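These notes concern the structure reproduced below.
The values are calculated or read from the model by the stated rules, or taken from the named source; none is laboratory data. A quick note: this is a predicted structure, and the numbers were derived from the prediction, not measured. Glycine also receives a Cβ, built like all others from the backbone with ideal geometry; neighbour counts cover every protein chain displayed.
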Amino acid sequence: MLSHLLQGLCPYPTVSRDGALRAGLMIGHPPSCARPHKHACSTFAAGSPGDGVWHFTCPKKWSVLVFRWGQTELVVNGIFVPEKNSSLSVDLRKEHRSNRVRWADALEWNRGVASQALALLEQAVSDKSREAVEGLHDVKTAVSLVVRNAEAILPQYPGRNSDEQIESAPDDMKSLLKSVQLLNSVLQMSSILANPESAAFGRRHPLPVYRVFHRMVRLFEQLAAKKGIEVGIRGTSYSTPRCYDSFEVIALVLIENAIKYSRSRGRVLVWVDDIDGGVRVAIESNGPLIPDEMRETVFQRGVRCESGVKHSAKGSGLGLYIAAIVARAHGFRISYRKELESQGPPGEGRNVFEFEVLEPDLGA
C-alpha cells in the first residue's frame, strides 16, 4: 500500500511488480517503455541488497532506480542517469536527454520528500490502527465479562489449578473455555498494537513461565491437529520470574506462528527450562526458513519473508512485531536461528525462536 501511494508522489516514472506503468509528476515514460511488452525492469528490485537507492541498466539502455525503505520499495524506470549510465552512445544520450535525472537529485528525493512522506504514511496507518482497536473497547469489556463468568464455573471441575480444571471439563465446555481464553489473548495483542506502552502496564508479578506456555500449547492443540501437526512442550522449569500480564502474548505469537508456517505432518516443540536467574524458552518447528538478511527485520512491523507468504497466504506481519514489543518491555529480546536438514524440501529446515526471561532487579 505504501509503495502505491509513493508512486503518486514520485517525480519520475515508475513500474510496479506486475509491470504496470505510472507516469511521474515531472517526467513520463519514453515511447519505448510505453509500448506493450514485458517490462524486465519491474524485476530489478529483487537484486537490490537493502535500504537505499540502487541503479541498474535495462536491456534498452534506460536507467532503473530501486528505492527501498525496509519492506517498502519503489522502482523508477525509463530515465537516464548520466553518472551511472556513462557507457551510453552519443546518439542514445541525445534520445534520452528529455528523461535525464541527476544522481544527486534522486538521492535528495530519497532523503527528503520520500522519507518524509513514508513517515507520514506510516503514522497515518498507525493512527487508523489505533482508532480501529480503540473501537473494540466494548468487545474487550464483553469478553472480560465472559472470562470472569467462565472462571467462576471452573471450581466445579476437578484439578489443582484452572488449567487442570479446564482439561477435566466436558469436551464442549472445554472448547468454549479455551476459545474464550484465546480470544482474550488476541484482544490483548490488539491493545499492544494500538499502544505499545501498554505492554508494561500494571505491576510485575511472579509468573510460572512453563505453565503459560503449557496452557498456550493446549489452546492450539486442536488447530494444530487439523493441519496434521503435532505440538508439545518439554523441559523442566519451576521458576517464576516477575513479568507483566502482557507476557503471555509472546507465547501466543510464537506458538501460533510455528503452527502456521510448519510443514504438514510436522512437529512444533516448545522447550522451557530453568537457567541461572531465570528461564530459557525455545520454540522449534519445521518449515520454510527465514533468509539470513531478514533475521532482524522479521521483527519489524508488517514484514513477511517471501517463503512464508508462499507457505501461508494468511498473515499481517504484526505478530512478531508485537512479541518484540512485549519482550523489550521485559528487558530481553527474541532471537531467531535456523538449522539445515539433510533431508526435506529445498529452502526448508528447522526454525528456532528463543529467548531468556530473567528475574528483574528488585527496583524494576
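Quick notes on this structure:
- Just one of (1) in a loop (DSSP other than H, G, I, E, B); (2) at pLDDT below 70 fails for residue 308. It is (1).
- Residues of the stretch 64-79 satisfying the condition of being of a type in the set (D, E, K, R) and touching a residue at least 60 places away in the same chain (Cβ under 8 Å): 73
- Cross-chain or 6+ apart pairs with Cβ under 6 Å, the stretch 247-260 first and free of Cβ contacts under 8 Å to residues at least 60 places away in the same chain, then part of a helix (DSSP H, G or I) and aliphatic (A, V, I, L, M): 251/212; 251/216; 255/216; 259/224
- Failed item in (1) surrounded by fewer than 19 Cβ atoms within 10 Å (Cβ to Cβ); (2) out of contact with any helix residue (DSSP H, G or I) (no Cβ under 6 Å at 6 or more places or on another chain); (3) within 30 Å of residue 317 (Cα to Cα), with residue 6 passing the rest: (1)
- Among the residues listed as 230, 164, the single one being touching a strand residue (DSSP E or B) at 6+ places or on another chain (Cβ under 9 Å), more than 17 Å from residue 357 (Cβ to Cβ) and surrounded by fewer than 16 Cβ atoms within 10 Å (Cβ to Cβ): 230
- Members of the stretch 259-269 that are at pLDDT 95 or above and closer than 16 Å to residue 185 by Cβ: none
- Near pairs, Cβ below 6 angstrom, 6+ apart or cross-chain, from the stretch 266-279 (under 29 Å from residue 225 (Cα atoms) and free of Cβ contacts under 8 Å to residues at least 12 places away in the same chain) to any residue that is assigned to a strand (DSSP E or B) and of a type in the set (D, E, K, R): none
- Number of residues in the stretch 183-215 that are without any contact (Cβ under 8 Å) to a residue 40 or more places away in the chain, surrounded by 15 or more Cβ atoms within 10 Å (Cβ to Cβ) and assigned to a helix (DSSP H, G or I): the value is 1.
- Residue match in the stretch 258-272 (condition: touching a Pro at 6+ places or on another chain (Cβ under 9 Å), within 21 Å of residue 326 (Cα to Cα) and either in the same structural domain as residue 185 (by TED's automatic domain parsing) or surrounded by 16 or more Cβ atoms within 10 Å (Cβ to Cβ) (or both)): no
- Of the set (1) buried (at least 18 other Cβ atoms within 10 Å of the Cβ); (2) of a type in the set (Gly, Ala, Ser); (3) free of Cβ contacts under 8 Å to residues at least 24 places away in the same chain, all apply to residue 24 but (3).
- Residue list for the stretch 234-283, filter: within 19 Å of residue 350 (Cβ to Cβ) and assigned to a strand (DSSP E or B): 234, 267, 268, 269, 270, 271, 272, 273, 280, 281, 282, 283
- Of note, residue 106 satisfies the criterion of being among the hydrophobic types (A, V, I, L, M, F, W, C), part of a helix (DSSP H, G or I), at pLDDT 85 or above and outside the structural domain of residue 332 (by TED's automatic domain parsing).
- Residue that is modelled with the highest pLDDT, among those in the stretch 181-225 that are of a type in the set (S, T, N, Q) and under 23 Å from residue 260 (Cβ atoms): 222
- Scanning the stretch 216-233 for residues that are more than 23 Å from the chain's Cα centre (by Cα) and either closer than 29 Å to residue 202 by Cα or not in a helix (DSSP H, G or I) (or both) turns up 218, 228, 230, 232, 233.
- Among residues of the stretch 173-210, those that are over 26 Å from the mean Cα position of the chain (by Cα) and over 13 Å from residue 246 (Cβ atoms), counted: 7
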